[in-house]
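Everything below concerns the one structure shown next.
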Ligand code: IYR
């Protein structure tokens, strides 16, 4: 069979492309349905808070995997999907991650971060202590894959460039955090810095770079969050 697909375009009649295309499945919703769906989404997403005090209660990991499936639906540069999500539940691995993160964070809070940055973080109440890395029942490590490793004709390892990696993995992480919120979990988008220790501890290949660490679980019964606000719509948007 010929792999060429016939594409109908509006101004020309028929164009042939060397890759297959298929009709888009798309349902136009009524205005009311659009409004109702957004209403449900905003109701759930407006409850999202970054949580730093977790309950050790176990969670259903199959739900976390469902959320990762949703993250994997995000758009990506050239559809290269340059991401990987490791779910860490092993207590000993979590302990190692906490120890390494706290060592890095100690350096950050005691010299690496300039006073201006520390001042900006003060309302969040963060410091170098990261007990949530051991207490939260699961840690999702989001890796970005800056380049693929492929074999050339001679069997030598070759790098294959990936495009728009940060944008792609950022989008997937947004899908992931939203999905976990929809599932009723608490999350923290954590970036211990630098994060090189994560690929080392988890034994990942050299093209995997930790992008984000997301503890997932339920909040501690007495969890508290800082009193902070979101910018109003008028500040984050305009119509031109
Ligand atoms: N990585 C540090 C510092 C930190 C930085 C930012 I930007 C935050 O929004 C919060 C914390 C830490 O996790 O404590």
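Taking region 34-54 on its own, how many of its residues are within 17 Å of residue 183 (Cα to Cα) and in contact with a helix residue (DSSP H, G or I) (Cβ under 9 Å, 6 or more places away or on another chain)? Spell out the reasoning first.
Here is the first cut: in region 34-54, the residues within 17 Å of residue 183 (Cα to Cα) are 37-51, 54.
Then drop every residue that is not in contact with a helix residue (DSSP H, G or I) (Cβ under 9 Å, 6 or more places away or on another chain), which leaves 41, 44-45, 47-48, 50-51, 54.
Residues in region 34-54 being within 17 Å of residue 183 (Cα to Cα) and in contact with a helix residue (DSSP H, G or I) (Cβ under 9 Å, 6 or more places away or on another chain): 8 in total.
Residue check: is residue 215 at pLDDT below 95 and either closer than 21 Å to residue 132 by Cα or in contact with a strand residue (DSSP E or B) (Cβ under 7 Å, 6 or more places away or on another chain) (or both)? Reasoning before the result, please.
Working: at pLDDT below 95: no; either closer than 21 Å to residue 132 by Cα or in contact with a strand residue (DSSP E or B) (Cβ under 7 Å, 6 or more places away or on another chain) (or both): yes.
It is false that residue 215 is at pLDDT below 95 and either closer than 21 Å to residue 132 by Cα or in contact with a strand residue (DSSP E or B) (Cβ under 7 Å, 6 or more places away or on another chain) (or both).
Read through the list (1) within 16 Å of the ligand (Cβ to nearest atom); (2) part of a loop (DSSP other than H, G, I, E, B), then give the number of the only condition that residue 203 fails.
Result: residue 203 fails condition (1) only.
What pairs come up if the first residue lies in region 198-213 and is under 24 Å from residue 51 (Cα atoms), the second is modelled with pLDDT under 95 and buried (at least 17 other Cβ atoms within 10 Å of the Cβ), and their beta carbons are under 8 Å apart, counting only those six or more places apart or on different chains?
Listed by first residue and then by second, the contacts come to 213/192.
Could we say that residue 57 is modelled with pLDDT of 95 or more, more than 12 Å from the ligand (Cβ to nearest atom) and either in a strand (DSSP E or B) or farther than 17 Å from residue 211 by Cβ (or both) here?
Here the answer is yes, as residue 57 does meet what is asked.
Can we say residue 116 is farther than 20 Å from residue 208 by Cα and crowded, with 17+ Cβ neighbours inside 10 Å?
Numbers: farther than 20 Å from residue 208 by Cα: yes; crowded, with 17+ Cβ neighbours inside 10 Å: no.
In short, no.
Could you check how many residues of region 223-237 are surrounded by fewer than 10 Cβ atoms within 10 Å (Cβ to Cβ) and in contact with a helix residue (DSSP H, G or I) (Cβ under 7 Å, 6 or more places away or on another chain)? Outline the logic, then answer.
Looking only at region 223-237, we keep the residues that are surrounded by fewer than 10 Cβ atoms within 10 Å (Cβ to Cβ), and these are 227-237.
Now narrow it down to the ones that are in contact with a helix residue (DSSP H, G or I) (Cβ under 7 Å, 6 or more places away or on another chain): 228.
The number of residues fulfilling the criteria is 1.
Looking at residue 69, is it within 30 Å of residue 198 (Cα to Cα), without any contact (Cβ under 8 Å) to a residue 40 or more places away in the chain and under 21 Å from the mean Cα position of the chain (by Cα)? Walk me through how you get there before you give the answer.
Numbers: within 30 Å of residue 198 (Cα to Cα): yes; without any contact (Cβ under 8 Å) to a residue 40 or more places away in the chain: yes; under 21 Å from the mean Cα position of the chain (by Cα): yes.
Against the criterion (within 30 Å of residue 198 (Cα to Cα), without any contact (Cβ under 8 Å) to a residue 40 or more places away in the chain and under 21 Å from the mean Cα position of the chain (by Cα)), residue 69 qualifies.
Please go through region 178-194 and pick out each residue that is under 18 Å from residue 108 (Cβ atoms) and either touching a helix residue (DSSP H, G or I) at 6+ places or on another chain (Cβ under 8 Å) or in contact (Cβ under 8 Å) with a residue 60 or more places away in the chain (or both). Walk me through it before giving the result.
Within region 178-194, the first condition is being under 18 Å from residue 108 (Cβ atoms), and the residues that meet it are 188-194.
Across region 178-194, the qualifying residues are 188, 189, 190, 192, 193, 194.
The values are calculated or read from the model by the stated rules, or taken from the named source; none is laboratory data. Here the structure is a predicted model, which means the values were calculated and not measured. For neighbour counting, all protein chains shown are included, and Cβ atoms are generated from backbone atoms with ideal geometry for every residue, glycine included.
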